[in-house]
Amino acid sequence: MPGPLHGIKIVDLTTVIAGPYATQTLGDMGADVLKVEPPGGDIMRAPGPARSPGMGAAFLNCNRNKRSITLDLKAPGDLARLNDLVADADIFIHNMRMEAARRIGLDPDTLLARHPRLIYCAIVGFGQDGPYRDRPAYDDIIQAASGWAALTQLAGDEPRYAPTIVADKTTALFAVGAINAALYHRQVSGEGQAIEVPMFEAMVSFLAVEQLGGRSFDPPIGPSGYARALSRHRRPYRTADGFIGVMPYTGSHWRAFFRAAGRDDWAAEAALDEAAARAAMIDTLYERLANCLAGRRTGEWLAILNEVDVPCSPINGIDDLLEDPHLKATGLFEIVEHPGEGRLVNVRPPVRFSRTPCSIARQAPGRHMPEA
């Protein structure tokens, strides 16, 4: 059965991660994605590990379900070819700076005047109404600007970036949601529109859900930040032979954990009955948790806590996930054959549709095999 976006054509002028991850997700949903690359190829082709030049792992992992064509937009003929492709598309998406897009006639006003049913999506670093609109933006810069890197400082450490390109990938998912909403609007109205997806604003919105804290009110009723998430004791906990993830959340979870740990006195505390009271003493609770967990081996704790229904998990590394029994049962990882790169490990689309399933119809385009 075809995916939910079967029949939708996308001209994809994005590079690196945010745009390509968004269009791969749309391609997994059945859209026909044509990736337009400059003569040197998408810059993300270069970083390794790789079996062959221009086919790095990160590129392979965010460019499946796409065809590829090479166009030099500085050449009038190639720019005209791109405009012909856009004329036949439902969606045009890019992550150029808007000033650069305007210089070559790829701004939303120009394209929507020609193609009023087009859905035009620009992934930008900063919203175009503000003074930062022309600044360059990469994942680390957005983590720094959005407040993400400073969260570890609030938790008593120095500012630190997440060890994953969280701003790029989160922005990609904002773009996917916006594009699908615009497709629905066009279905009912017949109208295309321009979408701006700014990384900075997207990440501030993402963090503000819980971290705006007392500043959610005017005047403020307390500081920003979410105390539970920022507790200096919230971390993977050391056991007698390694580490474990444990998260008692409700009062019954805390009581069950303390009883299992032999601390009936802590389990009997009345403060565990009220969410607000638990929140007020969260540092103390997490410190007690850490102290209790240190006395037994990880495997023992996992067996005990699963028995009493307290949320817990081993601390998995990426290598562990490849052998995880649940992920094997759900088929998240699959071995596929790439026409130029040999056997690869694919991560199938995690979202499942009962009537219009996602699928992987083609692997990432080879560097020397562009398709028109």
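The values are calculated or read from the model by the stated rules, or taken from the named source; none is laboratory data. This is a predicted model, so every value here is computed, not measured. Quick reminder, even Gly has a Cβ in these numbers, built from the backbone with ideal geometry, and neighbours come from all protein chains shown.
Among residues of segment 120-139 that are on the phi < 0 side of the Ramachandran plot and without any contact (Cβ under 8 Å) to a residue 12 or more places away in the chain, those with a Cβ under 7 angstrom from a residue that is part of a loop (DSSP other than H, G, I, E, B) and surrounded by fewer than 23 Cβ atoms within 10 Å (Cβ to Cβ), sequence gap 6+ or separate chain, pair up as 135/126. Among the residues of segment 325-365, write down those that are closer than 30 Å to residue 297 by Cβ, surrounded by 15 or more Cβ atoms within 10 Å (Cβ to Cβ) and of a type outside the set (Phe, Trp, Tyr). Across segment 325-365, the qualifying residues are 327, 332. Condition check for residue 335 on (1) touching a residue at least 24 places away in the same chain (Cβ under 8 Å); (2) assigned by TED's automatic domain parsing to the domain that holds residue 31: one failure, at (1). Evaluation of residue 220 against the conditions (1) closer than 25 Å to residue 94 by Cα; (2) over 26 Å from the mean Cα position of the chain (by Cα) shows that the sole unmet condition is (1). Here residue 371 meets each of (1) at pLDDT 95 or above; (2) within 19 Å of residue 54 (Cα to Cα); (3) of a type in the set (Asp, Glu) with one exception, condition (1). Determine if segment 312-335 includes at least one residue that is farther than 30 Å from residue 237 by Cβ and not charged (D, E, K, R). For segment 312-335, residues farther than 30 Å from residue 237 by Cβ and not charged (D, E, K, R): present. Taken as a whole, the condition of being within 23 Å of the chain's Cα centre (by Cα), farther than 23 Å from residue 120 by Cβ and not charged (D, E, K, R) applies to residue 57.
Taking every residue in segment 29-44 that is assigned by TED's automatic domain parsing to the domain that holds residue 78 and among the acidic types (Asp, Glu) and pairing it with any residue that is part of a strand (DSSP E or B) and surrounded by fewer than 20 Cβ atoms within 10 Å (Cβ to Cβ), at least 6 positions away or on another chain, the pairs with Cβ-Cβ distances below 9 Å are 32/9; 32/67; 37/69; 37/70.
Scanning segment 140-162 for residues that are among the acidic types (Asp, Glu) and outside any helix (DSSP H, G or I) turns up 157, 158. For segment 253-286, taking the residues that are among the aromatic types (Phe, Trp, Tyr) and in contact with a Cys (Cβ under 8 Å, 6 or more places away or on another chain), the one that is surrounded by the most Cβ atoms within 10 Å (Cβ to Cβ) is identified as 257. Considering only segment 148-177, state which residues are within 17 Å of residue 95 (Cβ to Cβ), surrounded by fewer than 17 Cβ atoms within 10 Å (Cβ to Cβ) and either without any contact (Cβ under 8 Å) to a residue 12 or more places away in the chain or small (Gly, Ala, Ser) (or both). Of everything in segment 148-177, just one residue is within 17 Å of residue 95 (Cβ to Cβ), surrounded by fewer than 17 Cβ atoms within 10 Å (Cβ to Cβ) and either without any contact (Cβ under 8 Å) to a residue 12 or more places away in the chain or small (Gly, Ala, Ser) (or both), namely 177. Contact map, segment 209-220: residues that are among the basic types (Lys, Arg) paired with residues that are surrounded by 14 or more Cβ atoms within 10 Å (Cβ to Cβ) and part of a loop (DSSP other than H, G, I, E, B), Cβ distance under 8 Å, separation 6+ or inter-chain. Pairs shown: 215/224. Say whether the condition of being within 20 Å of residue 57 (Cα to Cα) and in contact with a Cys (Cβ under 9 Å, 6 or more places away or on another chain) is met by at least one residue in segment 312-324. No, segment 312-324 contains no residue that is within 20 Å of residue 57 (Cα to Cα) and in contact with a Cys (Cβ under 9 Å, 6 or more places away or on another chain). Evaluation of residue 208 against the conditions (1) surrounded by fewer than 15 Cβ atoms within 10 Å (Cβ to Cβ); (2) not in a loop (DSSP other than H, G, I, E, B); (3) not polar (S, T, N, Q) shows that the sole unmet condition is (1).
The set of residues in segment 37-81 that are in contact with a Leu (Cβ under 7 Å, 6 or more places away or on another chain) and farther than 18 Å from residue 95 by Cβ comprises 60, 67, 78, 81.
In the set 240, 279, only one residue is in contact (Cβ under 8 Å) with a residue 40 or more places away in the chain and part of a helix (DSSP H, G or I); that residue is 279. Listed by first and then second residue, the pairs linking a residue in segment 296-310 that is under 14 Å from residue 239 (Cβ atoms) to a residue that is part of a helix (DSSP H, G or I) and aromatic (Phe, Trp, Tyr), with Cβ atoms under 8 Å apart and 6 or more places separating them unless they lie on different chains, are 305/257. The residue list 7, 19 contains one member that is out of contact with any helix residue (DSSP H, G or I) (no Cβ under 8 Å at 6 or more places or on another chain) and either outside any strand (DSSP E or B) or crowded, with 21+ Cβ neighbours inside 10 Å (or both), which is 7.
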